[in-house]
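These notes are about the structure you will find just below.
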Amino acid sequence: MKKIKIMVLTDSTGNPRSFPIEEAVSLDESHPYLLREEYPDAIFWQLSYGNMEAQNIINSAAGYLNDWNPDIIIVQLGIIDCRTEAFTEFQKLIIAKFLGPFFRFLGKHTYNPRLIKYRKISRVSKVKFKKIITKFNIIFNNSKFFWLEVSVHPDYESARPGTYSRVKDYNKIIADVFGDGLVKIQSKLLDNHGFNNDNLHLNKVGHKVIADELKFLIDKHIRANYEKK
């Protein structure tokens, strides 16, 4: 059987995490590295970057590896695109640039849940998000996608009001573009207490849950497409 090529694209939810200390996740406990242990003969390429919109990470992959033709692409992106914000990124830059009393006041309230609830701004509109991931699908049309469901704990609403319902809309867009390539993982993460106490990032249990689910899907895909009948 040929060596399987696997591309992994994630935001900070796919990265190790050193805090809080009681829920720390080391590099080798993160789901991309758990998969590397399961498939030691596979060729992996991973790009994980915190607080980054899907478009930026996707553009890096397409720009450097559009001719690599990975067999499998694992994606854990979308929460940065859809979560609610009090200000746009441009407005945040303006607030940070100016030091007057008014701008200092605004800066203190950048992450105020009441202001977020009132403003409910998302970084990337649903229309733009669909265009971005549709183009991604076209560029790597010979690859099998496993796009992890955008997942947060319901209690994330206390920090980012309106995000929980918006996540459902963006997951529907992913399903519209990738069909059964959307990996539904939210309920398993909740059932296994896989979120850490910020209600967004994963603890080591959450990473293990995702790795196990991906292994099941990857094994199934390999059996159907690469193993000799």
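Comparison of N196, N192 shows that the only residue that is buried (at least 19 other Cβ atoms within 10 Å of the Cβ) and either under 21 Å from V25 (Cβ atoms) or of a type in the set (S, T, Y) (or both) is N196. When I139 is tested against (1) in contact with a helix residue (DSSP H, G or I) (Cβ under 8 Å, 6 or more places away or on another chain); (2) of a type in the set (A, V, I, L, M); (3) over 20 Å from I6 (Cα atoms), just one condition goes unmet, and that condition is (3).
The C-beta contact set for segment 7-31 (first residue over 19 Å from H153 (Cβ atoms) and without any contact (Cβ under 8 Å) to a residue 24 or more places away in the chain, second residue of a type in the set (S, T, N, Q) and surrounded by fewer than 22 Cβ atoms within 10 Å (Cβ to Cβ), distance under 8 angstrom, 6+ apart or interchain) comprises P16/S26. When R160 is tested against (1) in the same structural domain as D67 (by TED's automatic domain parsing); (2) out of contact with any Lys or Arg (no Cβ under 6 Å at 6 or more places or on another chain), just one condition goes unmet, and that condition is (2).
Within segment 163-175, take every residue that is of a type outside the set (S, T, Y) and surrounded by 19 or more Cβ atoms within 10 Å (Cβ to Cβ) and give me the one that is nearest to F195 (Cα to Cα). Outline the logic, then answer.
Of segment 163-175, the ones of a type outside the set (S, T, Y) are 166-169, 171-175.
Subsequent filtering for residues that are surrounded by 19 or more Cβ atoms within 10 Å (Cβ to Cβ) retains 166-167, 171, 173-174.
Numbers: R166: 19, V167: 16, N171: 18, I173: 24, I174: 22 Å.
Step by step, filter segment 163-175, then rank; the result is V167.
Counting the residues of segment 135-157 that are touching a residue at least 24 places away in the same chain (Cβ under 8 Å) and under 22 Å from L214 (Cα atoms) gives 15. Of all residues in segment 184-205, exactly one satisfies the criterion of being among the polar types (S, T, N, Q) and in contact with a Leu (Cβ under 9 Å, 6 or more places away or on another chain), namely N196. Of all residues in segment 7-33, those satisfying the criterion of being in contact with a Pro (Cβ under 8 Å, 6 or more places away or on another chain), part of a helix (DSSP H, G or I) and buried (at least 17 other Cβ atoms within 10 Å of the Cβ) are G14, E29. Within segment 34-72, the set of residues being in a helix (DSSP H, G or I), among the hydroxyl-bearing types (S, T, Y) and within 17 Å of the chain's Cα centre (by Cα) comprises just one member, S60.
Residue pairs whose Cβ atoms lie under 7 Å apart, separated by 6 or more positions or on different chains, with the first residue in segment 162-180 and touching a residue at least 40 places away in the same chain (Cβ under 8 Å) and the second among the acidic types (D, E), are T163/E157; Y170/D81; N171/E149. Checked against (1) closer than 23 Å to K131 by Cβ; (2) at pLDDT below 95; (3) in contact with a helix residue (DSSP H, G or I) (Cβ under 6 Å, 6 or more places away or on another chain); (4) not aromatic (F, W, Y), I58 meets all criteria but (2).
The values are calculated or read from the model by the stated rules, or taken from the named source; none is laboratory data. Bear in mind the structure is a predicted one, so any value in this text is a computation, not a measurement. So basically every Cβ, Gly included, is an ideal-geometry build from the backbone, and we count neighbours across all protein chains shown.
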